[in-house]
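Colleague: Would you mind keeping the following structure in view while I ask a few things?
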Amino acid sequence: MTKTLALVGARLNSSRLPGKHLLSLSSEPMIAHIWRRIERCSQIDSSELATTADNFNQPLIDWASKYQISCHPFDGDVNDLMARLNEVISREAPDYILYICGDCPLIDPVFIDHGLKALKASGKDTVILREGIKTLHEGIAFYSSQGWNKLMAASQCKMSREHVGYADKLTPVLDKEIIDDSDDYSKINHRISVDTQADYRFMTEVYNRWYDSHDANSIVSLTWVQQQLIGVPQLVNINSHVAQKSANKQYAKASLYCHLGANIGLGHFRRVELIADALQEYLGIGSTIHVLNDGKPLANSSTKIKWYKTETQLLGAITTDSNPLLIFDFHPEFISLASLNQALKLPKKGGAKLIGIDKLSPLLTTLDWLFIPSFNNSLNGEKISAGWKNYLFKTMPKRDKKHQILVLTGGSDALGYGEELPSMLAKLQLNWPITWIQGPLAMTPTIPKGSNIRVLKDPTNLYELIAESDIILTCYGLSLFESIFSNAATLLLPPKHLCDDEELLILSAEKCCLISNSLADTCTKLAGLVANETARDALQAEAKRVFANHKGIKQLIDEITLLMTND
């Protein structure tokens with residue numbers, strides 16, 4: 001009796017999207033959905049998770065143990081995928097092997113059975129689709145035991161050890177059975193693996209759409225996915241820009257420097273996280289984020305981060321940085337510009353391209369480019385880009401507006417609105433629900449008993465809340481412009497020292513938000529907006545106008561591409 005083994009290769013150390021296999025899709029980890037699909041295959045006898053025995057992957061090992069998934073962590077070279085798989089194959093001695101990449105939660109059971117049946121009937125080493133067939137299938141490969149042994153023997157170079165099947169591409173050694181697809185998946189070309197934040201947003205939307213109208217015990221149909229891709233352009237656009245990494249190509253590296261803290265907030269950090277993700281997705285450039293923070297490091301970040309307690313430590317990292325692209329996002333009031341400028345001289349001398357974000361115009365003589373995500377800019381020159389089109393936002397989900405009020409006081413509530421404003425809002429006795437977002441560095445707001453104010457601390461669905469809220473109260477900063485961008489009726493809390501009077505006058509003239517001069521004024525204006533739909537509509541119309549030509553992160557990526565190619 002023959003034995004067929006499915007091997008799922010997965011590690012949480014992904015450079016583009018760390019921890020991706022345990023990211024949630026419809027309330028289950030992505031890796032769990034892969035196993036649900038394996039269980040639908042009639043041609044598979046057993047399955048195993050192939051991961052490594054390092055501490056970083058312990059959560060994946062723990063998941064396998066909890067759900068009784070066979071897993072024997074490999075304690076050899078973490079980059080030697082072929083050896084990791086071969087250790088399982090040598091132990092289990094299967095006649096046929098199905099390799100599944102753990103970042104492909106849309107593997108099709110019907111196609112898997114189709115391919116395995118063809119392989120078993122052929123007596124050959126592997127099966128491949130007929131030349132010219134277009135398909136959506138990703139992340140699966142079929143081998144007989146003799147085919148695997150041939151591939152293992154041929155896998156001698158570094159790339160062929162890290163990528164299953166790469167050796168056969170360099171020098172074909174496998175006897176192949178040519179097969180047709182199990183269905184017609186040629187109608188659209190789109191990536192369905194999860195390798196970046198954009199891929200994860202795409203897959204989340206796919207899974208949410210499916211389970212909105214299908215039973216929880218079902219699996220997402222690949223035929224249905226193809227239909228969705230054809231009929232819903234905004235679904236395609238979520239990750240159509242992602243650059244597919246090539247196994248044999250060396251990609252540039254970038255370093256991004258910023259700070260965060262109770263007085264500074266999280267805006268600079270969140271912005272460079274967005275930039276780092278975009279560099280990966282559009283250009284295949286890996287990034288390290290360097291953060292000056294005298295508090296506790298944040299968890300659950302999507303990119304490699306180095307934390308520094310002192311400015312001296314951070315500046316020392318800059319002077320020794322050998323990456324070809326360095327990006328800086330600092331507020332001038334919280335770092336010594338003279339010391340920063342001095343630190344930039346060594347990487348500049350080494351040929352690195354230096355890009356400043358926002359308020360770093362005093363460094364223009366040293367920087368190669370200044371990208372200003374702001375409507376208010378009196379600077380101009382060949383090295384400067386600015387305007388409404390430049391604001392850097394995460395992708396805003398599509399949601400219908402609801403009669404609800406969202407309060408955003410920043411990552412640290414630096415102006416202390418949580419102490420007084422909740423009681424003032426409660427006294428208004430508005431019939432709209434109010435959601436107060438407590439930032440990860442902020443103190444818990446003082447909420448009166450019996451009020452209609454709920455508090456959410458650093459919610460994972462913040463952007464959904466922004467997208468669906470009809471009215472948003474926000475402090476000055478990124479959240480203000482995200483709220484306007486979401487077409488909310490936006491009310492700016494008293495900005496105090498966060499921006500100057502001239503900037504407020506220019507913003508006021510745009511008529512895309514209301515500006516409060518006190519908390520009492522905030523409450524008066526809020527009550528007026530709740531009562532007056534026409535006023536809300538007017539603000540939302542102006543919000544659409546100011547962002548009509550917005551390009552955001554794509555604008556920055558285009559400018560970085562031009563800068564890096566014009567030496």
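Colleague: How far apart, in nm, are two points set 7 Å out from the Cα along the Cα-to-Cβ line at A535 and at E138?
Modeller: The modelled label-to-label distance comes out at 4.8 nm.
Colleague: Let me ask another. Using Cβ contacts closer than 10 Å as the measure, can you line up L539, L7 from fewest to most?
Modeller: Working: L539 20, L7 24.
Going from sparsest to densest Cβ surroundings: L539, L7.
Colleague: What is the fewest-to-most order of F142, F56, F375 by other Cβ atoms lying within 10 Å of their Cβ?
Modeller: Values: F142 24, F56 14, F375 19.
Fewest to most other Cβ atoms nearby, the residues stand as F56, F375, F142.
Colleague: Using a basic spin-label model with each label point 7 Å from the Cα along Cα→Cβ, how many nm lie between E464 and A520?
Modeller: Taking the two extended label points, one gets 4.0 nm.
Colleague: On a full-extension model of 0.36 nm per residue, what is the gain between S221 and E510, subtracting their alpha-carbon distance, rounded to one decimal in nm?
Modeller: Working: separation 289, 0.36 × 289 = 104.04 nm, distance 4.69 nm.
Taking 0.36 nm per residue and subtracting the Cα distance, the gain is 99.3 nm.
Colleague: Also, I was wondering about something else. Ranked by Cβ crowding within 10 angstrom, fewest neighbours first, how are I384, I238, I560 ordered? Walk me through the numbers on the way to the answer.
Modeller: Working: I384 16, I238 20, I560 23.
Fewest to most other Cβ atoms nearby, the residues stand as I384, I238, I560.
Colleague: E87 label point, 7 Å along Cα→Cβ, cut-off 18 Å on backbone N: hits in segment 30-50?
Modeller: Answer for this model: 47-50.
Colleague: Can you compute the modelled spin-label distance between T312 and K253, with each label point 7 Å from Cα toward Cβ, in nm?
Modeller: Roughly 2.6 nm, to one decimal.
Colleague: Considering Cα pairs under 8 angstrom that are at least six residues apart, work out the relative contact order of the chain and quote it in whole percent.
Modeller: Details: 1020 pairs, mean separation 51.5, N = 567.
With pairs under 8 Å counted, the relative contact order is 9 percent.
Colleague: Assuming a strict under-27 Å limit between Cα atoms, what lysine pair count do you get for segment 424-524 once near-sequence pairs (fewer than 8 apart, same chain) are dropped? Don't skip to the end; give the middle numbers.
Modeller: On the way: K427/K449; K427/K457; K427/K496; K449/K457; K457/K496; K496/K511.
For segment 424-524, qualifying lysine pairs total 6.
Colleague: Would you mind checking segment 126-142 for residues with the amide N under 13 Å from a putative spin-label position 7 Å along Cα→C-beta of I178?
Modeller: 128-133
Colleague: What FRET efficiency do you get for K554 and K66 if R0 is 56 Å and r is their Cβ-Cβ distance, rounded to the nearest 0.05?
Modeller: On the way: r = 41 Å, r/R0 = 0.73.
In this case the efficiency is close to 0.85.
Colleague: If you don't mind, another one. Quick one: Debye curve from the C-alpha atoms of the chain, no solvent, what's log10 I(q)/I(0) at q = 0.07, 0.10 Å⁻¹?
Modeller: These q points yield log10 I(q)/I(0) values of -0.49, -0.95.
Colleague: Can I ask one more? Taking Cα pairs under 8 Å and at least six residues apart, what relative contact order does segment 113-189 come out at, in percent? Present the calculation step by step, with values, prior to reporting the outcome.
Modeller: Numbers: 93 pairs, mean separation 34.5, N = 77.
Relative contact order for segment 113-189 comes out at 45 percent.
Colleague: Does segment 402-546 come out rounded, prolate or oblate by the C-alpha gyration tensor, with a ≥ b ≥ c the root eigenvalues, rounded set by a/c under 1.5 and, if not, prolate when a/b is larger than b/c and oblate if not? Could you put the intermediate results ahead of the total?
Modeller: Details: a/c = 1.39, a/b = 1.23, b/c = 1.13.
Verdict is rounded for segment 402-546.
Colleague: Okay, next question. Run the numbers on segment 4-179 and let me know its relative contact order in percent, using alpha-carbon pairs under 8 Å that are six or more apart. Mind showing how you got there, number by number?
Modeller: Numbers: 289 pairs, mean separation 43.3, N = 176.
This gives 25 percent for segment 4-179.
We did not get these values from a lab; they are worked out from the coordinates using the rules stated. Here the structure is a predicted model, which means the values were calculated and not measured. Note: ideal-geometry Cβ built from the backbone for every residue, glycine included; neighbour counts use all protein chains shown.
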